[in-house]
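Take a look at this one; I'll ask things after.
The values are calculated or read from the model by the stated rules, or taken from the named source; none is laboratory data. Given the structure is predicted, the values throughout are model-derived calculations rather than measurements. Neighbour counts run over all protein chains shown; Cβ positions are idealised from the backbone, glycine included.
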Amino acid sequence: MACGGVLRIHLSPRTELAINEAVALASQKGRRHTSVQELAEVTGAPLRELRTVTRLLQEAGLVERNGSASAFRWRRDPSRVSLYQVAAAVGERFGSSPARKRGSAARQGEDPVSRFLSDLDAQVAALFRARKLQGLLPAQR
């Protein structure tokens, strides 16, 4: 008999949007500035949420604004920016598995499943630290 559960990595929608926006900006030829409206079309994201994510990426020093215009470009070398940096810029916190939060405080970290999930969280964080944005960019033709 098969089990009904599936173990999945959960990223917030904001983190997924930030990574998609980072890829869209970093893949622009000539590192041109791109309007927020154009980014919304490329990512399919609501303009309001995209503005929030763009502001957070700008505050983290990952994107820069074109003067007073609502146009941005990727600021850093994509081969030197990890997915962890992009995720952290928008508030993603690795190591907080929802499955571990269930149950009593006395049991957390002591039972085998909690220990396994803690280890898995650490491995996911390490993978995000190791994986560079460059690896997600489309191949240049």
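Can you name the residue in the range 55-72 that is hydrophobic (A, V, I, L, M, F, W, C) and either at pLDDT 90 or above or under 19 Å from the mean Cα position of the chain (by Cα) (or both) and is also farthest from E16 (Cα to Cα) among such residues?
If we take residues in the range 55-72 being hydrophobic (A, V, I, L, M, F, W, C) and either at pLDDT 90 or above or under 19 Å from the mean Cα position of the chain (by Cα) (or both), then A71 is farthest from E16 (Cα to Cα).
Here's another thing I want to ask about it. In the range 12-68, how many are touching a residue at least 60 places away in the same chain (Cβ under 8 Å), under 18 Å from Q134 (Cβ atoms) and β-branched (V, I, T)?
The qualifying residues number 2.
To keep it simple, each residue is scored yes or no on (1) over 15 Å from E92 (Cα atoms); (2) assigned to a loop (DSSP other than H, G, I, E, B); (3) modelled with pLDDT under 95.
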| position | (1), (2), (3) |
| --- | --- |
| M1 | yes, yes, yes |
| G4 | yes, yes, yes |
| R8 | yes, yes, yes |
| L39 | yes, no, yes |
| V53 | no, no, no |
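Looking only at residues that are modelled with pLDDT under 85 and touching a Ser or Thr at 6+ places or on another chain (Cβ under 9 Å) in the range 73-112, which one is nearest to T54 (Cα to Cα)?
G95
If Q28 meets every condition in (1) out of contact with any Ser or Thr (no Cβ under 7 Å at 6 or more places or on another chain); (2) at pLDDT below 95 apart from one, which number is that one?
All conditions are met except number (1).
To continue, here is another question. Can you tell me which of E64, E38, E59, E16 is surrounded by fewer than 13 Cβ atoms within 10 Å (Cβ to Cβ), among the acidic types (D, E) and on the phi < 0 side of the Ramachandran plot?
Matching residue, one of E64, E38, E59, E16: E59.
On to the next question. Under 8 Å between Cβ atoms, which residue pairs at least 6 apart in sequence (or on different chains) link something in the range 79-102 that is under 15 Å from S12 (Cα atoms) with a partner that is modelled with pLDDT under 95 and assigned to a loop (DSSP other than H, G, I, E, B)?
Cβ pairs passing all conditions: Y84/F94; A87/L11; A87/F94; V90/S12; G91/S12; E92/L11; E92/S12; P98/H10.
Going by what's in this entry, would R115 be described as in a helix (DSSP H, G or I) and at pLDDT 90 or above?
No, not satisfied.
I need the full set of residues from the range 55-96 which are polar (S, T, N, Q) and in a helix (DSSP H, G or I), in order please.
Q58, S79, Q85
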